[in-house]
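Readers should treat all values here as calculations from the given coordinates under stated rules, not as data from a laboratory. Keep in mind it's a predicted model, so treat the numbers as computed, not measured. Cβ coordinates were reconstructed from backbone atoms using ideal geometry, including for glycine residues, and neighbour counts include every protein chain displayed.
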Amino acid sequence: MEEEYSPITTIKTWAEADRPREKLLAKGREVLSDAELIAILIGSGTKSLSAIDVGKNILGAANNNLNVLAKYSVKDLMKFRGIGEAKAISIMAALELGRRRKETAVNKKPKITGSTDAFNVLKPHLLDLPHEEFWIILLNRANQLIQLKRVSSGGISGTVADVKMIFKEAIEQLASGIILAHNHPSGNKQPSKQDISLTKKMKDAGAILEIPVLDHIIFAEDQFFSFADNAMM
């Protein structure tokens, strides 16, 4: 059960200028700290902690990094004192809206001219995942995006990419080129032996089908590794 804190410690006893909701209305959302925004989401704290204190505890555990916080599950959030299931869901929903906002801001048919473009297009999909996923970017002859597609989803240590299914999708979409991409939840951007082997297999298949594999991008937090940039294609 979540504890409701006593009237002595409630934010309602604070000066209006210091209350998160009133502060947002008076000065704008941009002046609020991350802990104050979380306080608005959860609404209340405990007998000994204000909602802002609860927010600070959560952020502290995530190294004050919203990208780290975005990886937390409902169970992870419920480990914090003052956070029950409903409050955990509210926090997760707000973080998901932020992720979707990034996604909708991306041009739906951008031109992919290099690894940074590919990284930026897939970043909203792969940035905060606690598990590994494999995606493909399908391009036309002008290197414009035809389709982004997730081809597999796995665990923390790996996922499986089916060469036949990937090229079947590329042929059906009349793609002229493919960029491979997957994430490393560990934060290590260096390719594994399996990554290198899979990339070679994909490249060889693409050469036979005349649908070249242009790059393979490994996502690791806000960093990435490009096989093409490192002369491994």
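General observations
- Phi-derived couplings, Karplus 6.51 cos²θ - 1.76 cosθ + 1.60 at θ = phi - 60°, listed residue by residue for the range 199-205: 4, 5, 4, 5, 4, 5, 5 Hz, with x used for Gly and Pro.
- Taking other Cβ atoms within 10 Å as a rough exposure proxy, 151, 121 sort from fewest to most as 151, 121.
- Net charge, residue 154 excluded, C-beta distance under 14 Å - Lys, Arg +1, Asp, Glu -1: -3
- Residue 183 long-range amide H proximity, modeled H, under 5 Å: 133, 219
- Whole-angstrom Cα spans of the chain along principal axes, big to small: 73, 34, 29
- Extension gain from residue 67 to residue 27, taking 0.36 nm per residue of separation minus the Cα-Cα distance: 11.8 nm
- Residue with peak Gaussian network fluctuation, the chain [Cα springs, cutoff 10 Å], from 132, 210, 172: 172
- With R₀ set to 35 Å, the beta-carbon distance separating residue 94 from residue 153 gives a calculated FRET efficiency near 0.90.
- FRET efficiency for the pair residue 188 and residue 34, taken as 1/(1 + (r/R0)^6) with r the Cβ-Cβ distance and R0 = 30 Å, rounds to 0.65.
- When each of 149/200; 71/123; 71/203; 79/123; 168/201 is checked by Cα-Cα distance, pairs over 24 Å: 71/203; 79/123
- Working note: Cα gyration tensor of the range 11-103, eigenvalues times five, square-rooted, sorted largest first, giving semi-axes of 21, 17, 11 Å.
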